[in-house]
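Have a look at the structure below before the remarks.
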Amino acid sequence: MFFDLRKSTLIKPSILNAIVAPRPIAWVSSSSAGGGVNLAPFSYFTLLTNSPPTVIFSCVNPTDRREKDTLQNIRSSKEYVINMVSRDFLEAMHSTSRPAPYGTNEFDMINLRSTHSENVKAPRVEGTPAALECKLLKLVRIRPEHHDDLGCTAVIGRIVGLYVARHLLDSDGRFRSIEAGLVARLGGNLYSELGEITELASVARSE
């Protein structure tokens, strides 16, 4: 079947969440100008490039206010932390996805411990397998095209600091992906973990 998304109303746009999956989760901690702290998850997230280290995640426009607290904080502070989510933090991460009044500290709300970052003011989640300290590069607004579109803002950031739990680095400095137990988002409220892993031989670069 083919659906022309320029005009089709036969499917829900949310089906794309199940098709473009699994997606890593950016559990973003940010600070407001007044020193408040926010923590929220975003599953439209990926690494753009590792040289220079750059990531992107997007905030879908909320229906109850102009923009999400995370975006408001990043717009003013120009920095944030992306905490990677392991199985141990899955329920806590999910709890921080529910709406809360602006200024709510989700760390306090769910009794989650935070710790200081090195290169940005926003704290990171204590115990996370890895955390990316980021400086804002650019905000890109994706405007709605149809009456039922929400639109979103893409947040592009440069990674200026990397925290990795010591036990998740092997003797060659490689990240132990299986031991990290990172989870990913599927469609709806479904999540996944790493299953069977296949390693292929390196392909020689053409001259």
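The values are calculated or read from the model by the stated rules, or taken from the named source; none is laboratory data. Given the structure is predicted, the values throughout are model-derived calculations rather than measurements. Cβ coordinates were reconstructed from backbone atoms using ideal geometry, including for glycine residues, and neighbour counts include every protein chain displayed. Heads up: the accessible areas ignore ligands, DNA and RNA and are worked out on the full protein's heavy atoms, side chains in. Shrake-Rupley method; radii C 1.70, N 1.55, O 1.52, S 1.80 Å.
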**Residue list for the range 177-189, filter: open to solvent by 100 Å² or more (accessible area, probe 1.4 Å) and either free of Cβ contacts under 8 Å to residues at least 24 places away in the same chain or in a strand (DSSP E or B) (or both)** = I178, E179
**Request:** List every residue pair whose Cβ atoms lie under 8 Å apart, where the two residues are 6 or more positions apart in sequence or sit on different chains, the first residue falls within the range 141-166 and is assigned to a loop (DSSP other than H, G, I, E, B), and the second residue, located anywhere, is open to solvent by 30 Å² or more (accessible area, probe 1.4 Å) and of a type in the set (V, I, T).
**Result:** L150/V60; L150/T63; G151/V60; G151/I142
**Request:** Scan K78, K138, K121 and give me the residue that is open to solvent by 80 Å² or more (accessible area, probe 1.4 Å), modelled with pLDDT of 95 or more, touching a Leu at 6+ places or on another chain (Cβ under 7 Å) and charged (D, E, K, R).
**Result:** K78
**Asked** Within the range 57-75, which residues are open to solvent by less than 40 Å² (accessible area, probe 1.4 Å) and not hydroxyl-bearing (S, T, Y)?
**Response** F57, C59, N61, P62, E67, D69, L71, N73, I74
**Message:** For G103, only one of the following conditions fails: (1) at negative phi; (2) in contact (Cβ under 8 Å) with a residue 60 or more places away in the chain. What is its number?
**Reply:** (1)
**Asked** Has the range 149-162 got any residue that is open to solvent by 50 Å² or more (accessible area, probe 1.4 Å) and in contact with a Lys or Arg (Cβ under 6 Å, 6 or more places away or on another chain)?
**Response** yes
**Hits in the range 38-52 - residues which are closer than 19 Å to N17 by Cβ and open to solvent by less than 50 Å² (accessible area, probe 1.4 Å)** = A40, P41, F42, S43, F45
**Item:** Subset of the range 90-113 that is of a type outside the set (V, I, T) and touching a Ser or Thr at 6+ places or on another chain (Cβ under 7 Å) - its residue that is surrounded by the fewest Cβ atoms within 10 Å (Cβ to Cβ)
**Value:** F107
**Complete:** In the range 71-92, anything of a type outside the set (A, V, I, L, M) and not in a helix (DSSP H, G or I) is listed as K78, E79, Y80, N83, S86
